[in-house]
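Step one of this worksheet: look at the structure below.
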Amino acid sequence: MEGILQHPDGTVLKQLQPPPRGPREQEFYNKVYDSDCCDSILLELREYLPKYFGVWSPPTAPNDTYLKLEDVTRKFNKPCIMDVKIGQKSYDPYASAEKIQQQVSKYPLMEEIGFLVLGMRVYHVSSDSYETQNQHYGRSLTKETVKDGISKFFHSGYCLRKDVVAASIQKVEKILEWFEGQTQLNFYASSLLFVYEGSCQAATMRLSDVTLAEKRRVPKGLLSGGDVLEYNNNIHVINSTENGKIEASVGKGLSKFYALHKKACSKRHHSQLSLKVENSEQDNVWKTSTCITQEHLNGNVLPQLEKVFYHMPAEPKESAKVEVRMIDFAHVFPSNTKDEGYIYGLKNLITVLQNILDN
């Protein structure tokens, strides 16, 4: 099976794209995570990427190569995920005229706005359900509507999570600082992945006002032949050694940042998807299963949540559980100048987030 798999150790396997994109992304990760690396710029960059654990190939298909990466969503109970492509150009310096035209026509406002929302998935406490938006939603946003379009990602169904907005700004500012201080690399068609905890459990416990239903217990059991049936918050994996195959169904938390080749998705697999996001190559898919185990909140909790979260501080003493990571590196090139297009996009995104916070 091609595409996304989860290794039994909890990492995620991203299949290498066809040349030159796949080898270029592998080379980028190898350079940044080289054990002999002593370049302070690259060492700092590691803070903003998913951790990289080398490559992996299934024993039965040694020619299939996967990047072994950290699952950034794994630690979240109800992960809310947004993928934002950054930069004024979503095509690299070596793109053909045809490719440039194709990319520009997808989102003509890219140069002016500097970023594009590729998709989002938001947990609503009020309904105990997820809302998803695909790439068409992002491309429908204009200069006038982009603020409201992005603010939707930070809304719990009861209120705007200003704590998350504030924490996100701080993390994006750190990435901007890195870009302002480096002239080694330029990034095209690369994204920022935003993840935050949609469950209000941490905040409500901190405020001691309400409690939520306890976190889902993690069931584990043995399948025939001793194979372990594993669960986490993001992926349901059956690690089956029969016929040398590994089967996986992607669950609610996993984002598009581990690229899937669209052509490899079977009709059966497509029928399970509730969210699909194309990246600049139109061959990557953000997959989430519709088969989600619902957690029902205690009946007496919901009316109180509204009171609590309308009055949550913008920057609580204990910062919100938020991750912002750079992802998708099939179009990273050596440079001797600042990456002005990416910097422009980051600054514009920070401005939009600040406007959301100030309102």
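Spherically averaged projected area of the convex hull of Cα atoms, region 61-172: 10.4 nm². A simple spin-label model places the labels of Glu177 and Glu340 2.5 nm from each other, with each point 7 Å out along Cα-to-Cβ.
Below 8 Å between Cα atoms, with a sequence gap of 6+, how large is the relative contact order for region 47-126 in percent? Can you show the working numbers first?
On the way: 85 pairs, mean separation 23.2, N = 80.
Value for region 47-126: 29 percent.
For Glu27 and Leu109, the FRET efficiency from 1/(1 + (r/R0)^6), where r spans their Cβ atoms and R0 equals 35 Å, is about 0.65. The calculated FRET efficiency for the pair Val55 and Asp9, based on their C-beta separation and a Förster distance of 22 Å, comes to about 0.90. Annotation: extensible slack from Ser140 through Asp39 equals 32.3 nm (criterion: 0.36 nm per residue apart, minus Cα-Cα distance).
Treat the count of other C-beta atoms within 10 Å as a stand-in for reagent exposure and order Arg161, Arg46 from fewest to most. Could the numbers behind the result be given before it?
Numbers: Arg161 28, Arg46 13.
Listing Arg161, Arg46 from fewest to most nearby Cβ atoms yields Arg46, Arg161.
The Cα center of region 143-193 and the Cα center of region 34-82 differ in position by 21 Å.
My understanding is that a pair violates if its Cα-Cα distance is over 24 Å; which of Lys171/Lys338; Lys106/Lys174; Lys89/Lys338; Lys106/Lys338; Lys106/Lys162 do that in this structure? List each step's numbers first, then the result.
On the way: Lys171/Lys338 20 Å; Lys106/Lys174 29 Å; Lys89/Lys338 15 Å; Lys106/Lys338 26 Å; Lys106/Lys162 31 Å.
Correct reply: Lys106/Lys174; Lys106/Lys338; Lys106/Lys162.
Here, each number is a calculation from the coordinates, and none is a lab measurement. Note that the structure is a prediction, hence the values are computed from the model and not measured. Reconstructed Cβ throughout: ideal geometry from the backbone, glycine too, with neighbour counts over all protein chains shown.
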